[in-house]
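Have a look at the structure below, then the notes.
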Amino acid sequence: MRFDLYADLAALKACPADGSLPQGLAAGFVDGCTSWSTRGNEEKNDARRCYMQRASRAMLQLKEFKQLKLDADVGNLPDPSWIAFEIAFTLETPWYSKDDRPFHVLDNPVRKDRVFGVPYMSAASWKGLLRWACRMHAGLPGYLEKHGSKLEGWSDPPWILHLFGNEKSEEEHFQRGTLAFYPAWFSRLSFEVINPHNRKMRAGTQPIYYEVVPSGTKGTLRLLYAPMPSFVEYDKLKSAETVKKLLDAVEALLTIYGISAKRTVGWGTAKIESWTARRRNTEPVTATPLADFKQKVSAWLNSSRGAT
């Protein structure tokens with residue numbers, strides 16, 4: 001028995017209206033909608049309506065999520081100086097990051113896992129944005145103002161190098177960062193429309209649809225601070241002070257700067273619901289506000305054999 005996906009898509013008599021979600025957003029349902037949209041303007045509009053109606057109504061959470069163990073298991077960390085952080089947040093504005101899928105019924109689909117179809121923010125995205133937030137905390141705006149908005153010549157302070165390591169272009173004294181990042185998963189989709197206006201006619205020209213994760217959706221930032229004792233000694237840093245700066249940067253990133261690809265229009269800001277920290281052979285700490293949380297985590301680090 002043989003199955004040809006493209007032959008099957010070419011044989012469609014209508015835009016598909018079924019298929020399990022969220023898996024169907026990675027293959028199957030989305031493929032059918034996309035194929036149908038190429039047959040003409042009427043079919044394109046029909047396919048978009050079909051896709052948007054189904055995607056916006058679905059709860060995009062895998063039933064087997066816990067069994068698949070897509071989230072990090074931090075229940076048994078190997079060293080007491082290692083700390084796993086979980087920052088639970090609720091989006092206050094839509095979140096968007098463009099998907100890298102080359103063939104889609106929409107022009108601006110949100111990023112989804114290629115296998116499960118669940119919207120997510122990758123670990124690499126978290127690392128890049130949080131490094132930038134730490135640089136802002138370290139005085140990058142003032143440096144750019146003095147140097148004509150040019151980054152050339154900027155050197156990350158030791159605490160940022162300790163957390164994130166060197167840039168990939170670094171050839172000498174390369175150092176790996178002490179932070180490990182994990183993706184954040186989202187369970188809902190909605191759609192925003194940007195309608196550019198003609199300045200003379202003062203009327204919209206062609207609506208541009210963006211698939212987004214809507215405000216009110218919950219997410220969790222997970223990261224692991226895992227320093228080796230030699231790293232702390234080599235960098236001549238105090239772990240407690242470094243982690244305090246990291247947490248301040250996390251708060252600013254989520255609540256002020258935003259984590260969306262369209263941060264300049266206010267997308268991607270969030271309200272932090274709780275701060276949680278876990279380490280070996282110790283009861284987890286959950287606290288708000290941030291000041292109380294930092295105080296409890298600092299007590300951990302100052303008592304750890306890896307602290308300086």
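Tell me the volume per residue, in Å³, of the convex hull enclosing the alpha carbons of the chain.
193
How large is the helix-only mean residue ellipticity at 222 nm for the chain, computed as the sum of -39500 (n - 2.57) over DSSP H runs with n ≥ 4, divided by its residue count, in deg cm²/dmol to the nearest 500?
-9500 deg cm²/dmol
In which sequence would Trp154, Trp185, Trp36 go, from the one with the fewest C-beta neighbours within 10 Å to the one with the most?
Result, fewest neighbours first: Trp154, Trp185, Trp36.
Could you state the angle between the C-alpha long axis of helix 239-252 and the longest principal axis of the C-alpha atoms of the chain, as a value from 0 to 90 degrees rounded to the nearest 10?
30
By counting other Cβ atoms within 10 Å of each Cβ, how are His137, His147 ranked from fewest to most?
With the fewest neighbours first, His137, His147 line up as His147, His137.
Given R₀ = 30 Å, FRET efficiency for Lys271-Ile208 by Cβ-Cβ distance, to 0.05?
Efficiency, from the Cβ-Cβ distance: 0.60.
First select every other residue whose beta carbon is under 9 angstrom from the beta carbon of Tyr120; then total the charges, Lys and Arg +1, Asp and Glu -1.
Residues close to Tyr120 contribute a combined charge of +1.
What pairs in Lys44/Lys271; Lys112/Lys296; Lys112/Lys245; Lys150/Lys271; Lys127/Lys236 have C-alpha atoms more than 26 Å from each other?
Lys44/Lys271; Lys112/Lys296; Lys112/Lys245; Lys150/Lys271
Values quoted throughout were computed directly from the atomic coordinates according to the rules given, and no laboratory measurement underlies them. Every value quoted in this text rests on a predicted model; they were computed, and no experiment measured them. Backbone-built Cβ (ideal geometry, glycine too); neighbour counts: all protein chains shown.
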